[in-house]
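Colleague: Got a structure here, written out as structure tokens. Questions coming.
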Amino acid sequence: MITFLPLFSAFIGAVVAQLLAHALTSCRERKKNNKEIFQEFISPFLNEIMLFIETETRFRKEHDVEKTIDGTSLLREIFTKIKYGNSYLINAKIKYDYSISFFNGKQDTTNNHMLRVFFWFLDYSRSILKSIISSDEDLLIKIVKIQKKCGLWIILSDAFTYEIATEIMNWSWTWNKDFYEYISIEDIQNLLEVEEHENSYAIKKLIESIYKEFTNSKNEIPKEIITNFIENE
């Protein structure tokens, strides 16, 4: 029994070394792959998506915005490189394509699915950036905030219409400055991942909290904004 111990130990050592080598190789390959995804897919579109969300939900857009982004054209460019996307992005593309193919007379449906593609693109961007950039916390924080804004825009679009939701988001500057901190990105992801009826209570509570932001605001909110919430109850 004692004679075989050195051989057994050597065998175990060789297996462990092999596993470690495989793990290191896989890690290097993953980093190389993520760097390619960043260069070919994330980098060309990240700023444009953030700019689209920021400008389209900006108060006094016609006065303050010098450059606007065509969301549909941007989407087409993203789809040319969708092979770099993850399952969430590919699923969002499929749903967008379906909304185009089976147009039901509501532009809202297509616009909502466009926003969903942007939402999951931002989510994917954070994941890739974390894997290749050691410390760019400011950029990651900015992406999270814009992703939250996009998520709320989608939820409001589902509850009202795309046009009304956009108008509501134009006035989001009146909300408490810490409002976005109260809502986690994970909560918004969960609301968007499952069917709307499964999260009806959570969505209702979220919309109520947005309504309270307007009613508690010291700024003068347009009457039609408040009316939209009342009529939706």
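Read-outs: derived from the displayed coordinates by stated rules, not from any lab. Worth saying up front: this structure is predicted, and the values here are computed from it rather than measured. Don't worry about glycine lacking a Cβ; one is built from the backbone with ideal geometry, like all the others, and counts go over all protein chains shown.
Colleague: Compute the FRET efficiency between S217 and S127 as 1/(1 + (r/R0)^6), taking r as their Cβ-Cβ distance and R0 = 30 Å, and round to the nearest 0.05. Don't skip to the answer; put the middle values down first.
Modeller: Values: r = 35 Å, r/R0 = 1.16.
FRET efficiency, S217 to S127: 0.30.
Colleague: Continuing with this model, one more query. By a straight-distance test (C-alpha under 23 Å), which lysines pair with K81 as possible cross-link partners, with residues fewer than eight away in the same chain excluded?
Modeller: List returned: K31, K32, K35, K93, K95, K130.
Colleague: Follow-up question, since we're still on this one. Sticking with the crude label model, points 7 Å out along Cα→Cβ, report the distance from D136 to V194 in nm, one decimal please.
Modeller: Placing both labels 7 Å beyond Cα along the Cβ direction yields 3.5 nm.
Colleague: Can you tell me the length gained on complete extension of the stretch S101 to E36, counting 0.36 nm per residue apart and subtracting the Cα distance? It would help to have the intermediate numbers written out before the result.
Modeller: Numbers: separation 65, 0.36 × 65 = 23.40 nm, distance 3.18 nm.
Gain in length upon complete extension: 20.2 nm.
Colleague: Under 11 Å from a point placed 7 Å out from the Cα of E181 along the Cα-to-Cβ direction: which residues of the stretch 210-233 have their backbone N that close?
Modeller: No residue qualifies, since no backbone N sits under 11 Å from the label point.
Colleague: Next question. Can you pull out the GluC sites (Glu not before Pro) in the stretch 116-215 whose DSSP state is coil and whose Cβ has at most 15 other Cβ atoms within 10 Å?
Modeller: E195
Colleague: A further question on this structure: Distance in nm between label sites at E163 and S87, each 7 Å beyond Cα in the beta-carbon direction?
Modeller: 3.9 nm
Colleague: Between L191, A159, S209, whose Cα lies farthest towards the positive end of the dipole of the stretch 158-233 when Lys and Arg beta carbons carry +1 and Asp and Glu beta carbons carry -1, centred on the Cα centre?
Modeller: S209
Colleague: Along its three principal axes, how long is the stretch 77-233 when you only count alpha carbons? Whole Å, largest extent first please.
Modeller: The Cα atoms of the stretch 77-233 stretch 45, 44, 28 Å along the principal axes, largest first.
Colleague: What number results when the radius of gyration of the stretch 154-198, computed over Cα atoms, is divided by 2.2 N^0.38 Å?
Modeller: Taking the Cα Rg and dividing by 2.2 N^0.38 Å, one obtains 1.27.
Colleague: Along the principal axes of its C-alpha atoms, what lengths does the stretch 138-220 span, in descending order and rounded to whole Å?
Modeller: Here the spans come out as 35, 31, 21 Å, largest first.
Colleague: Using 0.36 nm per residue, how much length does the chain from N47 to R76 gain when fully extended, once their Cα-Cα distance is taken away? Before the final figure, lay out each step's value.
Modeller: Details: separation 29, 0.36 × 29 = 10.44 nm, distance 1.58 nm.
Value of the extension gain: 8.9 nm.
Colleague: Treating cross-link reach as a plain straight distance, find the lysines whose alpha-carbon is under 29 Å from the alpha-carbon of K223, omitting any fewer than eight places away in the same chain.
Modeller: Cα-Cα hits under 29 Å: K61, K106, K145, K148, K149, K177, K204, K205, K212.
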